[in-house]
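Here the structure is laid out as structure tokens; the discussion comes afterwards.
The values are calculated or read from the model by the stated rules, or taken from the named source; none is laboratory data. Because the structure is predicted, anything quoted here is derived from the model rather than measured. Virtual Cβ from ideal backbone geometry, glycine too; neighbours counted across all protein chains shown.
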Amino acid sequence: MSGGKFNAEAIIVGAGPVGSTLASLLGAGGVECVLAGSTGGPRPGGPVRALAMTLASRNVLQAAGAWERLPREEIGYFQKMRVWDANGTGAIEFDSAELCLPTLGYIVEQTLLDDALAGAIQTHQCLSAVVADRAESLDIGRDRAVLRLEDGRELSAPLVVGADGFASGVRPLAGIDYPTHEYRQQALVCTVDTERPHEFTAWQRFLPDGPLAFLPLSVPRRCAVVWSTASDRATELLRMNPAAFDAQLAHAFDHTLGAVTTISARGAFPLRRAHAERYCRPRFVLAGDAAHCVHPLAGQGANLGLLDAACLAQVLLAARARGQDIGALEVLRRYERWRRGENGAMLVALDALQKLFGSGSGALQWARNAGLDLVDASDMLKNLIMRLATGTLGDLPLLARSPLPARP
Ligand SMILES: Cc1cc2nc3c(=O)[nH]c(=O)nc-3n(C[C@H](O)[C@H](O)[C@H](O)COP(=O)(O)OP(=O)(O)OC[C@H]3O[C@@H](n4cnc5c(N)ncnc54)[C@H](O)[C@@H]3O)c2cc1C
């Protein structure tokens with residue numbers, strides 16, 4: 001590499017959880033990569049976002065060398081999930097003991113994950129991280145793709161990966177459409193201390209305008225809150241003084257964990273559903289939120305993206321070992337066929353759940369109460385949903401399949 005020109009085997013645009021994980025997996029496999037984005041480092045005091053992570057994601061992060069870098073004492077985990085409807089009597093409970101697992105999943109603050117991934121990336125000699133501006137153009141040639149950044153630097157490789165999130169800048173440069181449905185909802189996030197301990201349970205109460213989740217952090221009386229609600233209501237809640245907000249939040253949660261005290265900044269994120277019309281072109285491929293975006297009601301977005309990263313790494317490393325061109329369309333199509341179907345099924349399922357629980361219609365209210373009770377009574381269905389929630393169902397990449405892990 002010299003001056004403003006960077007040559008590599010793969011350029012990964014976007015150093016979020018998905019791009020960083022992919023870079024680390026490819027770096028561990030000896031692929032010369034450039035990761036274009038900004039990794040880890042100090043951030044201004046914005047809202048703290050926590051991610052529910054599946055057991056499969058833990059395996060992928062372990063393979064990427066990031067899981068071991070997370071401070072163990074700060075990883076939350078949950079052994080139970082309780083989901084119930086504010087407008088009725090339906091409820092469902094999941095328990096890790098039913099699957100003979102020590103935990104159903106983990107809760108990790110995103111800043112900790114970013115730092116752990118940034119640390120993992122530094123261990124690979126063949127991997128360079130460059131701080132990148134917006135990409136200005138993408139030229140796809142016969143043997144290489146060239147990405148030009150706004151500051152004039154040029155990145156060139158046989159493969160460019162777009163892992164730069166929902167508002168990806170490289171996806172349109174590659175001419176890939178991203179049909180998007182806006183839910184006209186926002187997810188308000190914050191961290192709270194609760195009067196009663198969370199009992200290592202992930203709690204979700206479905207309110208008429210969206211789900212409210214309390215996710216257990218490592219401290220027994222501390223939770224990450226994700227409150228999906230109509231956009232104007234979210235704006236109103238963001239503007240409230242702390243005491244009024246805490247009172248509204250405890251009320252909306254039916255005082256399940258007693259009084260709550262917000263201990264972080266509050267932030268809100270618009271909610272959408274989107275799926276790229278295709279995942280690849282010759283010498284270009286999408287992963288993570290750049291390829292698909294789901295409602296956060298089941299905490300699946302980053303988990304799907306980490307599976308993308310693990311599948312893509314598996315496909316690329318296998319092709320490279322056979323001496324194939326990793327940017328060839330036939331190689332990239334293997335990944336697309338694998339992941340587009342799996343992600344599409346999850347998109348449809350989460351959208352149906354959002355519609356079922358987001359409706360005030362009497363018939364749907366009856367259906368969801370009956371449905372929750374039915375699921376609670378059926379071992380087979382519950383087992384299936386728990387396997388989905390833990391990320392242990394479906395056609396998993398090898399890196400996500402390693403032996404079932406214990407608590408953090
Ligand atoms: C409220 C809320 C709660 C959520 N909770 C969960 C949860 O519990 N569990 C879960 O699995 N998922 C959850 N998600 C979804 C999850 O946050 C996303 O799916 C995940 O962050 C996607 O990762 P990514 O790396 O694909 O994209 P991003 O996290 O968006 O990262 C993309 C990166 O690319 C960078 N970038 C953008 N443009 C450029 C460019 N031109 N050049 C270089 N870099 C660029 C960005 O700065 C960013 O660092 C939640 C989402 C929301 C909104």
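If only one of Leu237, Leu173, Leu215, Leu207 is buried (at least 17 other Cβ atoms within 10 Å of the Cβ), more than 28 Å from Lys80 (Cβ to Cβ) and not polar (S, T, N, Q), which one is it? Before you say what the answer is, go through the steps one by one.
On the way: Leu237 fails: more than 28 Å from Lys80 (Cβ to Cβ); Leu215 fails: more than 28 Å from Lys80 (Cβ to Cβ); Leu207 fails: more than 28 Å from Lys80 (Cβ to Cβ).
None of the others qualify; the one that does is Leu173.
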Quick one: which of Gly175, Gly162 is in contact with a Ser or Thr (Cβ under 6 Å, 6 or more places away or on another chain) and either of a type in the set (A, V, I, L, M, F, W, C) or at pLDDT 95 or above (or both)? Gly162
Scope region 54-106; condition basic (Lys, Arg), surrounded by fewer than 21 Cβ atoms within 10 Å (Cβ to Cβ) and over 15 Å from Ala213 (Cβ atoms); matching residues: Arg69, Arg72
Positions within region 11-25 being part of a strand (DSSP E or B) and either near the ligand (Cβ under 6 Å from one of its atoms) or hydroxyl-bearing (Ser, Thr, Tyr) (or both), in sequence order: Val13
Kindly provide the set of residues from region 243-255 that are farther than 16 Å from Val189 by Cβ and surrounded by fewer than 18 Cβ atoms within 10 Å (Cβ to Cβ), ordered by number. Ala243, Ala244, Ala247, His251, Asp254, His255
Pick out, from region 81-165, the strands (runs of 3 or more DSSP E) lying fully within it that include 1 or more residues that are touching a helix residue (DSSP H, G or I) at 6+ places or on another chain (Cβ under 9 Å), in contact (Cβ under 8 Å) with a residue 60 or more places away in the chain and within 12 Å of the ligand (Cβ to nearest atom). 105-109, 127-130, 135-140, 145-149, 159-162
Residue pairs meeting the criteria (Cβ under 6 Å; at least 6 apart or on separate chains; first at pLDDT 75 or above, in region 385-406; second assigned to a loop (DSSP other than H, G, I, E, B)): Thr390/Thr54; Thr390/Leu104; Gly391/Thr54
When the residues of region 166-214 are narrowed to those that are touching a Gly at 6+ places or on another chain (Cβ under 6 Å) and part of a loop (DSSP other than H, G, I, E, B), which ends up farthest from Arg239 (Cα to Cα)? Ser168
Taking Gln204 as meeting all but one of (1) in contact with a Pro (Cβ under 7 Å, 6 or more places away or on another chain); (2) polar (S, T, N, Q); (3) within 27 Å of Ala309 (Cα to Cα), write down the number of the exception. (3)
So in region 273-309, with the set limited to residues that are charged (D, E, K, R) and near the ligand (Cβ under 9 Å from one of its atoms), which one is nearest to the chain's Cα centre (by Cα)? Asp289
